[in-house]
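Worksheet for the structure shown next.
The values are calculated or read from the model by the stated rules, or taken from the named source; none is laboratory data. Please read these numbers as outputs of a predicted model, since none were measured by experiment. Neighbour counts are summed over all protein chains in view; Cβ atoms, including those assigned to glycine, are modelled from backbone coordinates with ideal geometry.
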Amino acid sequence: MDLLRNEGPTSQASIARKTGLSPATVNNVIQLLRKEGVADFEWINGREALVTLISTKGVMMSVMVGADYIQGAVFSFEEQVRHDLLVYPENLLGQQSTPESLVLFIEQLAKQAGVSVGSVAGISVSIQAPVDKKTGTIAVWSSGRLPGWKDIAIKERLESLLKVDVFVDNDANLATYAEWTWGAGRGVDCFLYLSCSRQIGSGLIIDGKVHNGSNGMAGELGHLVIDKGGPVCFCGSRGCLTTLVSERAILRILEGSENAKSSLTEVIKSAHNGDAACQRVLYEAGHHIGQALANTAKIVAPGIIAIGGELGSAWQFIKDSLRVATEENNLDNVSPGIQFVPGILTKDAVLLGGIASLLSISGQGISDLPLWMTQSGSAQSAFPTAM
Ligand SMILES: [Zn+2]
C-alpha cells in the first residue's frame, strides 16, 4: 500500500522487485485488494497492467479554517463527486471563526452534499496557524490571527461537538502532504514545500512522513530571519521571510508607486502582462525565498523543493532569482542535485492534503488523483460569498 501510495501506479513485477515479495504473493495480495475495492488495474496501451490504488467507498470531508474564511469540500468516493462550500465567519456566528462556527459550517456542508455528519468516514480540519502537537492548540505567538481558537485543544473540542473522529493539522503541512502524494513532490523520500500567498507556509516530508518535530513547529520557514534589520514580524522577530515576501510585504513595496496593486493575484497578473515593477518585486521575492530554501536544503537535503500557493503561478518571474540565491549559497556544491519546481495542486493543495491524510490514516490510498476530486460538482454556496 505504501509503495502504491508513494510511487503511483506500478506493475506487479516492479512491486515484487521493490518489496522483495515473491510474484505469487504480490498477485494474491493484489487480488484481495481488488476484491475489497481498494486497488485495480490500469491498462497502458492495452498491454501492460499497472496496479493502482483507488477508493470506492464512503465519504470524507476536508475543511480549512483561515483567518477570515472557512472553506471545505465533501468527497464521495462511491459517487465520485465533490461538493464545495466557502463562507465567511460573520455569516455563521459572530465576527470570527470558532470551533462552534466551524461545526455549523460542517453541518451546512454535509447537508449540501446530502450526507449526515455521523456517516462521514473522516473529517480533516486544517488550521491556518501552527498547531502545537503536545497541547493540540494553536501556537501562542500565532493565535492573534485566529483569536476564536486561542487556547483551545482543537481536536478534542471538535470531536466532542461533532461526535466523529477529526484529524487536525496546520494548513502548510497538509498542502505539503498533498503535493508529495499527488503533485510536485511525488516519488522522493525527502521533500520540502513552501507556499506563498497571503502568508508563507511550509512543510517537510522526511522518509515519507510529515516531519512535525518535537512540538509540531518544524518547517516554519516563514520565520527564518533573512534580514536582521528588516521589519518586525508578528512572531516577535525581525526580518523573517514572511515580512519580506508575504502578500502584504509585496504590496507594501509597490505602495505609493504608479504600479501599486491591491492583491498578490493582481501583482502576478500584471507581471504576466509586462508590468516591469511587478516583475521586479517578484524577482526579489524569489531571491529572498532562495536564500531561505538554500539554507534549509543544506540541513535536510530534499530531493525536490516545490514552491506553491500564489507564487507558484509566478514561477517564470522567480525561478532565475531563486537560482541566483542558491548559487550565492553554493548549494549545488554542498548538496548537489536538488530540483526546484513549481507546485502543481495550487490553491486546492490544502483540502486535498486533508483527504490524502485521511486515506492514509484509514489504510487506504489513491495512486493517481482522479479528475472528479479536483472539480467541484456543486459549487453553489448557501451564503452570499465571493472570493
Ligand atoms: Zn517571524
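Which residues, taken from segment 255-272, are surrounded by 20 or more Cβ atoms within 10 Å (Cβ to Cβ) and in a helix (DSSP H, G or I)?
Matches in segment 255-272: LEU264, VAL267, ILE268, ALA271.
Quick check on ALA292: is it within 14 Å of the ligand (Cβ to nearest atom) and surrounded by 14 or more Cβ atoms within 10 Å (Cβ to Cβ)?
yes
Given the options LEU109, LEU92, LEU102, name the one that is at pLDDT below 90 and of a type outside the set (Phe, Trp, Tyr).
LEU92
Just give me the residues in segment 301-353 being touching a residue at least 60 places away in the same chain (Cβ under 8 Å), in a helix (DSSP H, G or I) and among the aliphatic types (A, V, I, L, M), in sequence order.
LEU311, ALA349, VAL350, LEU351, LEU352
Being over 17 Å from THR176 (Cα atoms) and basic (Lys, Arg) is the filter; apply it to segment 319-374 and report the residue that is nearest to the chain's Cα centre (by Cα).
Within segment 319-374, the match that is nearest to the chain's Cα centre (by Cα) is LYS319.
Identify the residue in segment 305-364 that is of a type in the set (Ser, Thr, Tyr) and touching a Leu at 6+ places or on another chain (Cβ under 9 Å) and, among all such residues, is surrounded by the fewest Cβ atoms within 10 Å (Cβ to Cβ).
SER321
Here is a list: LEU351, LEU331, LEU359, LEU369. Which entry is in contact with a Gly (Cβ under 6 Å, 6 or more places away or on another chain) and either modelled with pLDDT of 90 or more or not hydrophobic (A, V, I, L, M, F, W, C) (or both)?
Among LEU351, LEU331, LEU359, LEU369, only LEU359 is in contact with a Gly (Cβ under 6 Å, 6 or more places away or on another chain) and either modelled with pLDDT of 90 or more or not hydrophobic (A, V, I, L, M, F, W, C) (or both).
When the residues of segment 72-107 are narrowed to those that are small (Gly, Ala, Ser) and closer than 28 Å to GLU36 by Cα, which ends up farthest from the chain's Cα centre (by Cα)?
Within segment 72-107, the first condition is being small (Gly, Ala, Ser), and the residues that meet it are 72-73, 76, 94, 97, 101.
Remaining after also requiring closer than 28 Å to GLU36 by Cα: 73, 76.
Working: ALA73: 14, SER76: 20 Å.
Looking at residues that are small (Gly, Ala, Ser) and closer than 28 Å to GLU36 by Cα, I get SER76.
Among the residues that make up segment 244-252, is at least one of them within 16 Å of the ligand (Cβ to nearest atom) and among the basic types (Lys, Arg)?
Yes, that holds for at least one residue.
If you check LEU174, LEU102, LEU161, which single one turns out to be hydrophobic (A, V, I, L, M, F, W, C), surrounded by fewer than 17 Cβ atoms within 10 Å (Cβ to Cβ), in a helix (DSSP H, G or I) and touching a residue at least 40 places away in the same chain (Cβ under 8 Å)?
LEU161
Assess whether SER257 counts as being in contact with a helix residue (DSSP H, G or I) (Cβ under 7 Å, 6 or more places away or on another chain), within 16 Å of the ligand (Cβ to nearest atom), polar (S, T, N, Q) and farther than 19 Å from GLU310 by Cα.
Judged against the criteria, SER257 is not a match.
From the list LYS228, LYS163, which one is within 16 Å of the ligand (Cβ to nearest atom) and over 21 Å from ILE307 (Cβ atoms)?
LYS228
Among the strands (runs of 3 or more DSSP E) contained in segment 1-84, which hold 3 or more residues that are of a type in the set (Gly, Ala, Ser)? First the steps, then the outcome.
Details: elements: 39-44, 48-53, 59-65, 70-76.
Of the strands (runs of 3 or more DSSP E) lying wholly inside segment 1-84, those with at least 3 residues that are of a type in the set (Gly, Ala, Ser) span 70-76.
In segment 192-206, is there at least one residue being in a loop (DSSP other than H, G, I, E, B), more than 16 Å from the ligand (Cβ to nearest atom), closer than 28 Å to HIS287 by Cβ and polar (S, T, N, Q)?
Yes - at least one qualifying residue is present in segment 192-206.
Every residue in segment 210-225 that is modelled with pLDDT under 85 and over 18 Å from the mean Cα position of the chain (by Cα), please.
ASN215
From the residues in segment 133-158 that are outside any helix (DSSP H, G or I) and basic (Lys, Arg), which one is surrounded by the fewest Cβ atoms within 10 Å (Cβ to Cβ)?
So the residue we want is LYS134.
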